[in-house]
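Okay, structure first, notes after.
The values are calculated or read from the model by the stated rules, or taken from the named source; none is laboratory data. This structure is a prediction, so every number in the text was calculated from the model and none was measured. Backbone-built Cβ (ideal geometry, glycine too); neighbour counts: all protein chains shown. All accessible areas refer to the heavy atoms of the entire protein, side chains included, with ligands and DNA or RNA removed. Shrake-Rupley method; radii C 1.70, N 1.55, O 1.52, S 1.80 Å.
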Amino acid sequence: LGHAVLSALPAVAPGDDVAVLLGDEVLDAETPGLAQLLAARDAAGAEGVVGLIEVPRDQTDRYGICAGSFEAEGRMRISEMVEKPRPADAPSRFAIIGKYVLPYRLFDVLKRTPPGSGGEVQLTDAIAVLARDGGIVGQVVEGVRHDTGNVLGLLRASLHFAWKRPD
């Protein structure tokens, strides 16, 4: 994901923030996920924000996991991020979902980020550098989240939205 985000650099003006919204993460919420993140970032006076959910301990190896202190209801000042830790090594159960608002300087950090988990440049590793400066918060998102990156998740999301339609 880090390499993919770095590939967007030519389309971003210096100083602009970047929203990264992964297509296999669908959120059905009264307040859209991006609006929740922007409100959390602005309320915290933070440089960037990531969307979070709490997952069972045995699933931490499927996500980037964040740890830190909660400043407000559902908003964490992130001090540590680990990409796909083993459950025994996970610093918390708060997982990053595919929704981020990040500062332009992330691109400079990504350029210097060595390959991490899976031999790939991990976005989580680059954001962790920004988090060490205290500039990143996580917001536990409200709404119904669907992981459509697998057949069952796609089916569940399709049924969820179909049942909302009167026809």
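How much accessible surface area, in Å² rounded to 10, belongs to the heavy atoms of L1 with a 1.4 Å probe?
Accessible surface of L1 is approximately 70 Å².
Taking K99 as the anchor, which lysines have their alpha carbon closer than 17 Å to its alpha carbon, excluding any fewer than eight residues away along the same chain?
Candidates past the 8-residue exclusion: K84.
With all distinct Cα pairs included, what does the Kirkwood hydrodynamic radius of the chain come out to in Å, to one decimal, could you say?
Answer for the chain: a Kirkwood hydrodynamic radius of 16.4 Å.
Can you pull the Kirkwood radius for region 112-162, inverse mean 1/r over Cα pairs, to one decimal in Å?
Values: mean 1/r = 0.0719 Å⁻¹.
One decimal place: 13.9 Å for the Kirkwood radius.
Just to make sure I understand: if all protein chains stay in place, what is the order of F107, F70, F94 by accessible area at 1.4 Å, largest first?
The residues order as F70, F94, F107, largest area first.
Mind listing the phi-derived Karplus ³J(HN,Hα) values for region 24-38, rounded to whole Hz, using 6.51, -1.76 and 1.60 with θ = phi - 60°, and x for any glycine or proline?
Each residue's phi maps through the Karplus curve to give 8, 10, 10, 10, 9, 9, 4, 9, x, x, 4, 5, 4, 5, 4 Hz.
Give, rounded to the nearest 20 debye, the magnitude of the charge dipole that region 40-167 has about its Cα centre when Lys and Arg contribute +1 at Cβ and Asp and Glu contribute -1 at Cβ.
220
Per residue, what accessible area does the chain have, given a 1.4 Å probe and all protein chains present, in Å²?
52
At 1.4 Å probe size, with no ligands or nucleic acids counted, give the accessible surface of K111 in Å², nearest ten.
So the heavy atoms of K111 present about 120 Å² to solvent.
Could you derive backbone 3J(HN,Hα) for region 150-167 from the dihedral phi with the Karplus parameters 6.51, -1.76 and 1.60 (θ = phi - 60°), listing whole Hz in sequence and x where the residue is Gly or Pro?
Once θ is set to phi - 60°, the couplings for region 150-167 become 9, 4, 5, x, 5, 5, 4, 5, 4, 5, 4, 6, 5, 5, 7, 8, x, 8 Hz.
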